[in-house]
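S.K.: The structure follows.
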Amino acid sequence: MKILLYNPDNGVTRNFMPHLWMFLLQALTPPWHEGILSDGNAKAMDDAEIVKFVRENNIGLVGIGAMTRMVAKAYRVATAIRAAGVPVVMGGPHVTECPDEAIGKGGGPRYADAVALGEADETWPLIVEDAARGELKEVYQPERDEKGVDRKPSLQTYPSIPWEKLDLDQFSLVPQMFRSKLSGLGAGWGSFHVVPLETGRGCPYGCEFCTVTGFFGDSIRFRTNESVVDELLRLKERARKERGQIAVFFIDDNLAINIKRTKSLLRDIIKANAQLPWVAQISANLLRDEELVDLIAESGGQWVFIGMESIDPANMADVNKNFSKPGEYGAVLARLAQRNVYAITSFIFGMDNDTKGVAQRTLNEIHSWPPGLPVFGQLTPFPATPLYDRLEKTGRLTRPKHWMDFAPFWMAHTPLKMTIQEARDETDSAWRASYSPERNTEAINSISDAPFRYRLSHLISRLFFRGIYFPQMNKRAWMRLVFQNRRPILSLTKEAVGMWRSSKKNKTAAQGEPATVINEPKAA
Ligand code: B12
Ligand code: SF4
């Protein structure tokens, strides 16, 4: 049987990275069936096109995964596929949190034939076999322990995702027209993939707005160091062979949740020479450890995503995130920047102690830190979180089923000290100020001592991150963006040309030509 695993886009932004669940379930599919992947973020298809694809490829089962944010789209696609007579199973965080909704038990329409609740590593092969026999059940759920809690899969035996032979073409970030030219550049830039890789699951911190502790549980499970290192080595080999670049996103919710284990993993990566440029999420409180930060830099760490949420300790206490101390954010970022590791700093507006002016107050703090990539969201009550329950009990939800009419950057409850419109305006002004051409130039200039490749990576990342808020999904938008940011782009391009000329001259000199004295470019 052919199975299509489909991930919808959210209709607003495109993810830069494919979703791990698809590759994982594909690797867990019994080998006599075939899993085909399609991600709306990489290849947008409307409902009719998906149905056509399903028909033409003789698909016998469609699996759809979705976060809350894109579930309305997922339901729409599922309805179209079911109308064409092909069964649909849905999984992922949203259907786990609202299990009745997808199968029409809450009184609404039915969108899916079956739902897979929680972690589906062990239930997926059963689902596939039941579907092949035409005996799909309505609900699949991991076995439960005596307390009624899902038995979580151990990650000690983790499937090997065959990255070395998967067709990743739809996920390359290098536009088709540049691929052949760029593959000749340096070690090769013919393709660029950001690949998701997990080393562990679970987070015990239980922040009020977060679904992770409820979904993955508070006991943390890790893969073996060997299996992670093996995956990295295979990715590295693939990048070398196809003269492209691969960066890894360690999608663990907190890569350093067990510092001893993280250090051992990073040491093993270094020992095996398995370094690839990587990004990971690590909470600020765990980045006090100098040795850990050294290992992060040495093992290829380039960007650390830090959920800073707010610079106001009262807000942090409200959402049960007191372990993260706004007062030490600056020092944490400086510690990283000393090693040329920079941070994606994530903030939430519309918290209960926020008032008008929160954006400017936050920006003032940010500007006193080494430059990073700030991202701004709003407090969102995801179903089944303690936050959702609190707001529901106190009658504060203005759109209790906000996911059915998804409205980006428009809150689903009213904050205590500002209006929804004010929260929207604060978010807007924070994005505008953080990614203006002036701010981009200032950020790159402020790290003028850093080696060239870090400044280049910083600028490119800034241009991409801007797209989380400002629509830049077509060529025109990108051309306008490049024009607006021509100053830092031109300056880095000049520097790159200078470096390239120097290295060419050096090569010629080494081949026996008369030696030329070359001035090393400032930050090569
Ligand atoms: C990586 C990641 C991202 C990436 C993008 C996703 C990607 N390309 O991988 C980035 C950083 C861009 C991102 C962004 C956001 N994210 Co995010 N992200 C994650 C993270 C950390 C890991 C996802 C992952 O791969 N997990 C590992 C895999 C193996 O687990 P899984 O996806 O749950 O899949 C398992 C099961 O759910 C199930 N399953 C999943 N799908 C399906 C489908 C079928 C058919 C079946 C049978 C089973 C199944 O099987 C899998 C194996 O057990 C999760 C937290 C987490 N630990 O999961 C948050 C998480 C998914 N993100 C979340 C949120 C809220 C966001 C943002 C909205 C944040 C924001 N405010 O901007 C944005 C939205 C992005 C968008 N496109 O609109 C929430 C979603 C909550 C919810 N109910 O929707 C999560 C759970 C974190 C949280 N704090 O609660 N995110
Ligand atoms: S630390 Fe991160 S993953 Fe853990 S509960 Fe808090 S927000 Fe969620």
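S.K.: Could you check the range 433-457 and list, in sequence order, the residues that are over 19 Å from the mean Cα position of the chain (by Cα), within 21 Å of Phe16 (Cα to Cα) and assigned to a helix (DSSP H, G or I)?
M.R.: Those that are over 19 Å from the mean Cα position of the chain (by Cα), within 21 Å of Phe16 (Cα to Cα) and assigned to a helix (DSSP H, G or I): Ser434, Asn440, Arg453, Tyr454, Arg455, Leu456.
S.K.: Looking for whichever is within 16 Å of ligand 1 (Cβ to nearest atom) and either surrounded by fewer than 18 Cβ atoms within 10 Å (Cβ to Cβ) or in contact (Cβ under 8 Å) with a residue 24 or more places away in the chain (or both) here; the options are Ala317, Ala343, Ala334. Which one fits?
M.R.: Just one listed residue meets the conditions, Ala343.
S.K.: Additional query: Please enumerate the residues belonging to the range 370-397 that are more than 13 Å from ligand 2 (Cβ to nearest atom), assigned to a loop (DSSP other than H, G, I, E, B), farther than 13 Å from Thr414 by Cα and not small (Gly, Ala, Ser).
M.R.: Matches in the range 370-397: Pro370, Pro371, Pro383.
S.K.: If you don't mind, there's one more thing I want to ask. How many of the residues making up the range 44-64 are touching a Phe, Trp or Tyr at 6+ places or on another chain (Cβ under 9 Å), more than 23 Å from Gly134 (Cβ to Cβ) and within 16 Å of ligand 1 (Cβ to nearest atom)?
M.R.: Of the residues in the range 44-64, 0 are touching a Phe, Trp or Tyr at 6+ places or on another chain (Cβ under 9 Å), more than 23 Å from Gly134 (Cβ to Cβ) and within 16 Å of ligand 1 (Cβ to nearest atom).
S.K.: Let me ask something else about it. If the Cβ limit is 7 Å and pairs must be 6+ apart or interchain, which residue in the range 64-75 that is in contact (Cβ under 8 Å) with a residue 12 or more places away in the chain pairs with which residue that is of a type in the set (Gly, Ala, Ser) and surrounded by fewer than 24 Cβ atoms within 10 Å (Cβ to Cβ)?
M.R.: Lys73/Gly11
S.K.: Only residues that are within 9 Å of ligand 1 (Cβ to nearest atom) and small (Gly, Ala, Ser): list them for the range 198-230, please.
M.R.: Gly202, Gly214
S.K.: For Thr157, state whether it is surrounded by 15 or more Cβ atoms within 10 Å (Cβ to Cβ), more than 16 Å from ligand 2 (Cβ to nearest atom) and polar (S, T, N, Q).
M.R.: no
S.K.: Continuing with the same structure: Residue check: is Ile460 of a type in the set (Val, Ile, Thr), within 21 Å of the chain's Cα centre (by Cα) and within 22 Å of Val279 (Cα to Cα)?
M.R.: So Ile460 fits the description; yes.
S.K.: Considering only residues of the range 128-142 that are outside any helix (DSSP H, G or I), of a type in the set (D, E, K, R) and in contact (Cβ under 8 Å) with a residue 12 or more places away in the chain, which is farthest from Thr29 (Cα to Cα)?
M.R.: Glu138
S.K.: Let me ask something else about it. Looking at the range 409-425, which of the residues that are of a type outside the set (Gly, Ala, Ser) and within 24 Å of the chain's Cα centre (by Cα) is farthest from Arg69 (Cα to Cα)?
M.R.: Ranking the qualifying residues of the range 409-425, first place goes to Arg424.
S.K.: Shifting gears a bit: Filter the range 252-266 down to residues that are surrounded by 19 or more Cβ atoms within 10 Å (Cβ to Cβ) and not hydroxyl-bearing (Ser, Thr, Tyr) and give me whichever is nearest to Phe23 (Cα to Cα).
M.R.: Looking only at the range 252-266, we keep the residues that are surrounded by 19 or more Cβ atoms within 10 Å (Cβ to Cβ), and these are 252-257, 262, 265-266.
This time we only want the ones that are not hydroxyl-bearing (Ser, Thr, Tyr), so: 252-257, 265-266.
Details: Asp252: 16, Asp253: 19, Asn254: 21, Leu255: 20, Ala256: 24, Ile257: 25, Leu265: 23, Leu266: 24 Å.
In this case the residue turns out to be Asp252.
Here, each number is a calculation from the coordinates, and none is a lab measurement. What you see is a predicted model, and the numbers here were worked out from it, not measured in a lab. Cβ sites come from the backbone with ideal geometry, for glycine too, and all protein chains shown count toward neighbours.
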